[in-house]
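The values are calculated or read from the model by the stated rules, or taken from the named source; none is laboratory data. The structure presented is a predicted model; accordingly, all values stated were derived computationally and were not measured. Counting neighbours? That spans all protein chains shown, and the Cβs are built from the backbone with ideal geometry, glycine included.
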Amino acid sequence: MKVAVQVAVLVVVGVALIAGSLVFQRYFSSVFDKMLSNKLLLVPGSKTLESFKSPPVPIFMQFWLFNVTNSEEVLGGAVPVLQQVGPYTFEEKQLKYNLTFHDHEGSVTYLQNKSFYFREDLSEGHKESDKITTINAIMMSIGSKFEGLPSALKGIIEIVFVRFSVTPFITKPVGELLFYGYDEPMLKQLAPMTKDPVHATGKFGFFYPKNNSNDGTYTVYTGVKDMAEYQHIVRWKGEEHIDFWKRDMWGGNSCNMINGTTGNQFPPLVSKHEPLRLYTAELCRSIYAVFQKEVTHGHLTLYRYVLPAQLLANSPENKCFCTDDFTCRPSMINVAPCRKGAPVVMSTPHFYQGEIEDAQQVVGLDPREEEHETYLDIEPTTGVTFRAAKRIQVNIPLRQYSNLPSFRSVPDVILPVLWVNESVEVPLARTAALHRTLTLPFTLVNVATWVLVTLGVILILVAVVKVVLTHRKSHPKKRTVNEKDKDGAVTEKLNDKNYS
């Protein structure tokens, strides 16, 4: 093979190795993202679908209840003194079932069952049998619903209260206050009028009968059509929007929109500059979280998102969520419209991000960011929530309803009942596995790229050496006249020396 051909082959191959490897390295990220997206699809038979149906990570619900230590004095107008008691820890099991795929829409409809099991070993010595004194939610609900009635009917309500020995405060075991429910004869008596099957049981609990139940059908996108809307909620209970709230400040219906996901998963390739949107049934509304900082979990770098103060601020944008002037306060939302009119106010724990005056209306609150802030730690490439803490407080307005004798002297306050921390954290073993999945391909590609680039450079250098050597062989160095004269002079001197 002629040298020129060899050089040409070496140069072409070298350049091809360098250019090809660099181009592949640049576009490998897109190829990898496409492969990853295909793995995330919710399709029958996939591993992702199995994890979607039953999350393989532990989920815990921790409850802290507020014990009213001076309930008798409160009835006379004293400031409520609260003692926070907890945690009472429950392990949460989630199971999605009755899955129906809609190929034309690229979505799946399902029901999700939630079950809760008390974990005394994680409750720091607290037991379900511990007794707590708290507000009588049934009595408050009746008082609020009949506030506008004529005086004669109000008297009848007070007689009912006396007949069933109902008082504004009750003392019950924690287990009954939460999931099991306690006997409330007055509630069963009212069932024919309310036509509520739960009332017919004659039991009440703040989360009764939520255990081993679902909160309606969800339809979410599977990612088959578009990963940008992966697991975004299409419909809840068969509806594309809710109808609990008023029109927004612009006259639109944005406050009733169902936006984002349920919070367990977001579309991949999460950006720090875009908020994460999710719908939460507990608040009966869509919310959003904003990027706060980067955090680590094992070898992974996660994006931490938190709920901004303006989300529950007393602002024009949030007026659509205000049901009355008394409960329309920062950090709070009155969810009566989606609780059959029951006066339940949801808020951040200890009124964190709210007005200090609200926290000071009772004794015993101490809002702290590290304990009471809701956050989501997201792996940005996959969009998976690797660590999260959803923290919500349940409150009941304590008011002088209708000037009924039972409420005549109580102070008007938003009274905290309990707060809950629903938390999840992916074990470090699974974190390490994902870290390898996300980093190993790029490490191998980077190593291979530089090996090929180095090989390409070597081939080009070999071609250059060949050109130089060939040039020297075909063009030997010519001696100059001066060099010839010097050689002749040396020869003459040697001859004279030899024959002298």
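Structure above, values below:
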{"quantity": "Positions within the range 176-213 being farther than 19 Å from PRO416 by Cβ, of a type in the set (Gly, Ala, Ser) and either assigned to a loop (DSSP other than H, G, I, E, B) or within 28 Å of the chain's Cα centre (by Cα) (or both), in sequence order", "calculated": "GLY181, GLY202, SER213"}
{"quantity": "Selection count, the range 255-313, where residues are touching a Pro at 6+ places or on another chain (Cβ under 7 Å), of a type in the set (Gly, Ala, Ser) and surrounded by fewer than 20 Cβ atoms within 10 Å (Cβ to Cβ)", "calculated": "1"}
{"quantity": "Subset of the range 445-500 that is more than 21 Å from ILE18 (Cβ to Cβ) and either of a type in the set (Ser, Thr, Tyr) or surrounded by 13 or more Cβ atoms within 10 Å (Cβ to Cβ) (or both) - its residue that is modelled with the highest pLDDT", "calculated": "THR470"}
{"quantity": "Filtered residues of the range 153-202 (kept if exposed (fewer than 14 other Cβ atoms within 10 Å of the Cβ) and either among the charged types (D, E, K, R) or not assigned by TED's automatic domain parsing to the domain that holds ILE142 (or both))", "calculated": "ARG163, ASP183, LYS195, ASP196"}
{"quantity": "Helices (runs of 4 or more DSSP H) within the range 1-103 that include 2 or more residues among the small types (Gly, Ala, Ser) and in contact with a helix residue (DSSP H, G or I) (Cβ under 9 Å, 6 or more places away or on another chain)", "calculated": "3-40"}
{"quantity": "Qualifying residue in the range 11-22 (condition: surrounded by 14 or more Cβ atoms within 10 Å (Cβ to Cβ), within 20 Å of PRO267 (Cα to Cα) and among the hydrophobic types (A, V, I, L, M, F, W, C))", "calculated": "no"}
{"quantity": "Which listed residue, of GLU184, GLU147, is modelled with pLDDT of 80 or more and among the acidic types (Asp, Glu)", "calculated": "GLU184"}
{"quantity": "Residue within the range 77-89 that is within 30 Å of HIS232 (Cα to Cα), modelled with pLDDT of 95 or more and touching an Asp or Glu at 6+ places or on another chain (Cβ under 7 Å) present", "calculated": "no"}
{"quantity": "Residue in the range 235-248 that is within 25 Å of PRO58 (Cα to Cα) and at pLDDT 95 or above present", "calculated": "no"}
{"quantity": "Candidate set from the range 371-382 (those that are at pLDDT 95 or above and among the charged types (D, E, K, R)); member that is nearest to THR348 (Cα to Cα)", "calculated": "GLU373"}
{"quantity": "Scope the range 214-273; condition over 17 Å from ASP33 (Cβ atoms), assigned to a loop (DSSP other than H, G, I, E, B) and among the β-branched types (Val, Ile, Thr); matching residues", "calculated": "THR217, THR222, ILE242, ILE258, THR262"}
{"quantity": "Odd one out for MET346, checked against (1) surrounded by fewer than 18 Cβ atoms within 10 Å (Cβ to Cβ); (2) part of a strand (DSSP E or B)", "calculated": "(1)"}
{"quantity": "Residue list for the range 281-300, filter: of a type in the set (S, T, N, Q) and without any contact (Cβ under 8 Å) to a residue 24 or more places away in the chain", "calculated": "THR296"}
{"quantity": "Enumeration of residues in the range 368-402 that are without any contact (Cβ under 8 Å) to a residue 24 or more places away in the chain and either in contact with a Lys or Arg (Cβ under 9 Å, 6 or more places away or on another chain) or aliphatic (A, V, I, L, M) (or both)", "calculated": "GLU371, GLN400"}
{"quantity": "Number of the exception - LYS114 against (1) closer than 24 Å to THR69 by Cβ; (2) surrounded by fewer than 19 Cβ atoms within 10 Å (Cβ to Cβ)", "calculated": "(1)"}
